[in-house]
1. What residue, among those in region 197-214 that are closer than 15 Å to Thr164 by Cβ and under 17 Å from the mean Cα position of the chain (by Cα), is surrounded by the most Cβ atoms within 10 Å (Cβ to Cβ)?
2. Suppose we filter Val123, Val118 for residues that are within 25 Å of Glu49 (Cα to Cα) and at pLDDT 80 or above; which single one remains?
3. Please go through region 1-15 and pick out each residue that is closer than 13 Å to Asp54 by Cβ and surrounded by fewer than 16 Cβ atoms within 10 Å (Cβ to Cβ).
4. When region 18-54 is examined, which residues are found to be over 16 Å from Leu65 (Cβ atoms), of a type in the set (A, V, I, L, M, F, W, C) and in contact (Cβ under 8 Å) with a residue 60 or more places away in the chain?
5. Please state which of the following conditions Met60 fails to meet, knowing it meets all the rest: (1) among the aliphatic types (A, V, I, L, M); (2) surrounded by fewer than 20 Cβ atoms within 10 Å (Cβ to Cβ); (3) at pLDDT 95 or above; (4) under 17 Å from the mean Cα position of the chain (by Cα).
6. Hey, Ala39 hits all of (1) assigned to a helix (DSSP H, G or I); (2) at pLDDT 90 or above; (3) more than 22 Å from Glu159 (Cβ to Cβ) but one; which does it fall short on?
7. What do you reckon, is His73 within 18 Å of the chain's Cα centre (by Cα), under 21 Å from Leu155 (Cβ atoms) and free of Cβ contacts under 8 Å to residues at least 40 places away in the same chain?
Amino acid sequence: MIRIVLVDDQELLRRGVRLLLEAAGGIEVVAEAADGHEALAMIAKHHPEVVLADAQMPGMGGVELVRRCGSEHPSLPVVILTTFDTDELVRDGVRAGAAGFLLKDVSPERLAEAIAAVRDGGVVIDPRVAGVALRSAAARGTAATDNADDPLALLTRTERLVATHVAAGRTNGEIAAELVLAEGTVKNHVSALLRKLAVRDRTALALLLSRSGL
């Protein structure tokens with residue numbers, strides 16, 4: 001079972017999504033929250049594997065929650081679920097390091113698949129907003145090449161250490177041995193690096209990090 005925290009300011013919507021996901025099987029909603037602040041408390045208490053959050057909520061919305069999770073829970077993927085598909089919202093979500101970006105009319109089956117994918121380190125973006133996300137990622141890649149401090153400013157201390165070894169071409173096992181971490185923990189940090197730096201695979205990540213001076 002994949003343990004998730006569900007975040008939306010509308011109780012009726014949360015209830016509906018919970019029923020749909022639990023009916024799909026393989027997913028357990030361990031907690032619900034009405035905004036990002038409440039979500040952070042639920043995350044600390046229940047230790048979910050994935051967070052599913054609305055983009056726009058009173059108090060703290062989904063994009064800011066992604067940023068906070070990136071700092072406080074770097075291995076925890078957050079999927080943004082929204083009715084809005086404006087360029088600005090998508091760009092902000094991608095730049096914050098969202099592991100997924102889906103519109104609220106997504107089918108229950110597709111949503112369940114997306115949750116499983118991000119749990120395993122993937123990135124899932126609705127095809128209807130993928131163009132915006134790709135343009136944002138391309139712009140960030142260009143900026144990172146020109147300004148080495150830009151991407152590294154997004155990283156936690158541990159992510160920087162892992163990034164140094166990725167840039168040197170070391171495997172997850174080698175990094176784990178060097179930093180005295182579990183190999184699964186290293187894998188999670190690498191997944192967080194891929195999301196935060198908006199690159200698709202480890203090779204592109206290593207190249208970007210090398211160009212950034214690591």
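The values are calculated or read from the model by the stated rules, or taken from the named source; none is laboratory data. None of the values given here were measured: they were computed from a predicted structure. Glycine gets a Cβ as well: all are built from the backbone with ideal geometry, and neighbour counts include every protein chain shown.
1. Only one residue tops the list, namely Leu197.
2. On the way: Val123 fails: at pLDDT 80 or above.
Answer to the check: Val118.
3. Passing the criteria: Gln10, Glu11, Leu12, Leu13.
4. Leu20, Leu21, Ala23, Ala24, Ile27, listed by residue number.
5. Just one mismatch for Met60, condition (3).
6. For Ala39, the exception is condition (3).
7. Here the answer is yes, as His73 does meet what is asked.
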